[in-house]
1. Of the numbered conditions (1) more than 30 Å from Asp286 (Cβ to Cβ); (2) of a type in the set (D, E, K, R); (3) assigned to a strand (DSSP E or B), Asp93 fails exactly one; give the number of that condition.
2. Return the pairs, sorted by first residue and then second, in which the second residue is within 13 Å of the ligand (Cβ to nearest atom) and of a type outside the set (Val, Ile, Thr), the first residue lies in the stretch 206-223 and is outside the structural domain of Asn55 (by TED's automatic domain parsing) and open to solvent by 10 Å² or more (accessible area, probe 1.4 Å), the beta carbons are less than 7 Å apart, and the residues are 6+ apart or on different chains.
3. Residues of the stretch 130-147 being more than 16 Å from Asp108 (Cβ to Cβ) and surrounded by 11 or more Cβ atoms within 10 Å (Cβ to Cβ), which ones?
4. Would you confirm, using the coordinates I've provided, whether Pro123 is assigned to a loop (DSSP other than H, G, I, E, B) and surrounded by 15 or more Cβ atoms within 10 Å (Cβ to Cβ)?
5. Which residue is nearest to the ligand (Cβ to nearest atom), if the candidates are limited to the stretch 292-316 and must be in a strand (DSSP E or B) and crowded, with 21+ Cβ neighbours inside 10 Å?
6. I'd like to check something: does the stretch 332-341 contain any residue that is assigned to a loop (DSSP other than H, G, I, E, B) and within 28 Å of Leu415 (Cβ to Cβ)?
7. Given the residues Phe56, Phe105, which is the only one that is surrounded by 14 or more Cβ atoms within 10 Å (Cβ to Cβ) and not in a helix (DSSP H, G or I)?
8. Of the numbered conditions (1) at pLDDT 95 or above; (2) open to solvent by 10 Å² or more (accessible area, probe 1.4 Å); (3) small (Gly, Ala, Ser), Gly339 satisfies every one except a single condition; which is it?
Amino acid sequence: MTPMAKQKNDDLMDKLVSLCKRRGYIFPSSEIYGGLTSCWDYGPLGSELKRNIKNFWWDAMTNRRDDIEGLDASILMHPKVWETSGHVSGFNDPMVDCKTCKARFRADKLEESRCPNKPSKSPLECGGELTEARQFNLMFRTHMGPVEDSSSIIYLRPETAQGVYVNFLNVKNSSRQKIPFGIAQIGKAFRNEITPGNFIFRTREFEQMEMQFFVHPDTDEEWFETWREERWKYYQALGINEEKLRWHEHGPDELAHYAKKAYDIEYEFPFGWQELEGVHNRTDFDLGRHMEASKKDLRYFDERFTDKFIPYVIETAAGVDRQLLMVLCDAYDEMEIKGEKRVFLRISPRVAPIKAAVFPLVKKEGMPEYAQKVYQDLKKKFKVFYDESGAVGRRYARMDEAGCPFCVTVDGQTLEDDTMTLRDRDSMDQTRMTVAEVTAFLEQKISG
Ligand code: GAP
């Protein structure tokens, strides 16, 4: 990237962070105390967007399929889970310390890290002397109960997947699903990242949307390809610019300890191409290890097979916060209109936090009363917003910047024929509709 392109992208991230604060998407955590590194709070619009993204994923992965069940396992799990899964011994990142400024960096991400004393330089360029790399375990540890000794150590889960594996038998037996079938879960995960950063891209507390699909070992490669296709279609349905999406296959030195094969879907963020979601062939690694350690038979059998077998797992692992950041980056747009620079957040109606705003054109002649009725009507079905303050052009501009895809305006004609204008944020076209037509239009745009 040229220095000018880098500056432009840095500026874009700065503008996005400040828009998120101004419009109530994302705030620094504990801000009145100076904030807490890598922790962020989702505001009124951010929490709606986050919920909509999770619902969009849940709908695609469970409601629209017959072969995937949902689960909500606890964050705190038996410590043996993490010993058995290999996370206690192997969930490490290599770390180096700077002898000059005492900062700590991920040894494999030095080029993209910044020196705290010279932020324009990486630790490779700032002149500081670095230590040899050491392994650093990423799991957060705490104690369960009133006694703080080695027998009470417990971990905050670093991935949601293990909650699925230890519930494999429970879900299979209670749902009577037959292989191939999957278990989907959305939930918080925690990693004591050495170098968090890039806003909500890499944080220490984040949310995952993961699905584990259990298959016969002879069919793992076929299912791996099927899930790669499905996950690509998901981002198409979310309306993401496909030129900014690409696949990255993990080389042997990148593969996680549990994976036979892995591909990331990467997105071109303003700070470069980065992992958005992983599709992993985890083989029978996890179920096999848990079967051995727990002495519970986790093998599968039904009348279609001659032998019992440990299912292979194809995993799709996405981060909620990272997907939300992608939605915001992909939606951010600036346009000059009549000499004024205007910002548009072109978020798909499917996940937009507010689906429509309702305005009376002016605050008189019965228009506010009529618009209030429209608002109350639409509110029964959608997240809508009522605004009567300021010129209508300014109200449109506020909603464009907040990511609202449609504005419904009650004007003089409404009082005569019960039609109102529906303005599309992206085309700026205005169409006259009755409230019943607005409802049907919004339903169609949201459900797709
Ligand atoms: N169960 C497999 C697993 O956890 P991963 O690639 O380590 O795989 C899956 O994580 C996804 O979780 C990533 O693609 C990313 O979207 C999200 N993720 C991982 N670490 C994160 C972090 N520190 N901050 C935000 N999101 C993260």
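The values are calculated or read from the model by the stated rules, or taken from the named source; none is laboratory data. Remember, predicted model here, so these are calculated numbers, not experimental data. With ideal geometry, Cβ positions are generated from the backbone for all residues, glycine too; neighbour counts draw on all protein chains shown. To get the accessible areas, we keep the full protein, side chains included, count just its heavy atoms, and leave off ligands, DNA and RNA. Shrake-Rupley method; radii C 1.70, N 1.55, O 1.52, S 1.80 Å.
1. (1)
2. Close Cβ pairs (under 7 Å, with a partner that is within 13 Å of the ligand (Cβ to nearest atom) and of a type outside the set (Val, Ile, Thr)) do not exist here.
3. Those that are more than 16 Å from Asp108 (Cβ to Cβ) and surrounded by 11 or more Cβ atoms within 10 Å (Cβ to Cβ): Met139, Phe140, Arg141, Thr142, His143, Met144.
4. When the stated conditions are applied, Pro123 passes them.
5. Glu315
6. no
7. Phe105
8. Condition not satisfied by Gly339: (1).
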